[in-house]
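Student: Dropping the structure in here first, questions after.
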Amino acid sequence: MTLLSRFQKNALAALVLLMGTDLAISSWGVLFSPVFTEANALFALFIDYPLRFITVIGLSKLLVTAGIIVVTIWFNLREPAGERWHGGDIICSTAAIGMAAMLGVLIVGNLLLV
């Protein structure tokens with residue numbers, strides 16, 4: 001028995017890649033762009049302290065990813081494989097698609113608004 005299916009591993013890899021891309025863009029923005037702003041009001045509190053801002057964003061993304069992995073494994077241990085609506089698959093695919101959509105909106109929005 002494997003804790004994560006191939007589909008789930010691929011979805012999680014996509015999520016990690018997208019989260020890393022978002023972190024890299026935010027890090028570059030806070031360090032090098034004088035017009036950089038953070039849309040999340042909670043994270044915007046740290047924008048005057050770039051290294052703290054990057055740390056908070058990075059740790060938040062790490063905790064969210066770890067939580068998604070834990071919940072996926074939890075579903076995998078409690079649901080039989082081959083279920084049509086398997087909880088672990090839904091969690092992983094929704095996380096990856098949701099992050100891709102948010103990153104896409106941020107990129108397109110910034111390109112159109114600049």
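Student: For the structure I just gave you, tell me whether residue 55 is hydroxyl-bearing (Ser, Thr, Tyr) and at pLDDT 95 or above.
Tutor: On the way: hydroxyl-bearing (Ser, Thr, Tyr): yes; at pLDDT 95 or above: yes.
When the stated conditions are applied, residue 55 passes them.
Student: Under 6 Å by Cβ, and 6 or more places apart or on different chains, what pairs join a residue from region 28-45 that is β-branched (Val, Ile, Thr) with one that is surrounded by 10 or more Cβ atoms within 10 Å (Cβ to Cβ) and not in a helix (DSSP H, G or I)?
Tutor: So the pair list comes out as 30/36.
Student: Hey, another quick one. Can residue 96 be described as over 16 Å from residue 9 (Cα atoms) and either outside any helix (DSSP H, G or I) or not polar (S, T, N, Q) (or both)? Lay out the reasoning, then the answer.
Tutor: On the way: over 16 Å from residue 9 (Cα atoms): no; either outside any helix (DSSP H, G or I) or not polar (S, T, N, Q) (or both): yes.
Here the answer is no, as residue 96 does not meet what is asked.
Student: Continuing with the same structure: Name the residue, out of 102, 19, that is out of contact with any Phe, Trp or Tyr (no Cβ under 6 Å at 6 or more places or on another chain), farther than 24 Å from residue 2 by Cβ and surrounded by 10 or more Cβ atoms within 10 Å (Cβ to Cβ). Before you say what the answer is, go through the steps one by one.
Tutor: Values: 19 fails: farther than 24 Å from residue 2 by Cβ.
Selected residue: 102, the only one of 102, 19 that is out of contact with any Phe, Trp or Tyr (no Cβ under 6 Å at 6 or more places or on another chain), farther than 24 Å from residue 2 by Cβ and surrounded by 10 or more Cβ atoms within 10 Å (Cβ to Cβ).
Student: If residue 4 satisfies every condition in (1) open to solvent by less than 60 Å² (accessible area, probe 1.4 Å); (2) modelled with pLDDT of 95 or more but one, which is the exception?
Tutor: (2)
Student: Another one. Restricting region 1-22 to residues that are of a type in the set (A, V, I, L, M) and more than 14 Å from the chain's Cα centre (by Cα), which is nearest to residue 106 (Cα to Cα)? Spell out the reasoning first.
Tutor: Within region 1-22, the subset of a type in the set (A, V, I, L, M) is 1, 3-4, 11-19.
Within this subset, residues satisfying the condition of being more than 14 Å from the chain's Cα centre (by Cα) are 1, 3-4.
Numbers: 1: 39, 3: 33, 4: 30 Å.
Among residues in region 1-22 that are of a type in the set (A, V, I, L, M) and more than 14 Å from the chain's Cα centre (by Cα), the one nearest to residue 106 (Cα to Cα) is 4.
Student: Can you confirm whether region 39-61 contains a residue that is open to solvent by less than 40 Å² (accessible area, probe 1.4 Å), assigned to a helix (DSSP H, G or I) and closer than 14 Å to residue 95 by Cα?
Tutor: yes
Student: Go through (1) within 20 Å of residue 21 (Cα to Cα); (2) surrounded by 14 or more Cβ atoms within 10 Å (Cβ to Cβ); (3) not β-branched (Val, Ile, Thr) and name the single condition residue 75 misses.
Tutor: Answer for residue 75: the failing condition is (1).
Student: Of 91, 97, which residue is buried (at least 16 other Cβ atoms within 10 Å of the Cβ), modelled with pLDDT of 95 or more, within 19 Å of the chain's Cα centre (by Cα) and aliphatic (A, V, I, L, M)?
Tutor: Numbers: 97 fails: buried (at least 16 other Cβ atoms within 10 Å of the Cβ).
Within the list 91, 97, the selection yields 91.
The values are calculated or read from the model by the stated rules, or taken from the named source; none is laboratory data. All values reported here derive from a predicted model rather than from experimental measurement. All Cβ positions, glycine included, derive from the backbone under ideal geometry; neighbour counts span all protein chains shown. Protein only, heavy atoms only, side chains kept; ligands, DNA and RNA dropped before computing areas. Shrake-Rupley method; radii C 1.70, N 1.55, O 1.52, S 1.80 Å.
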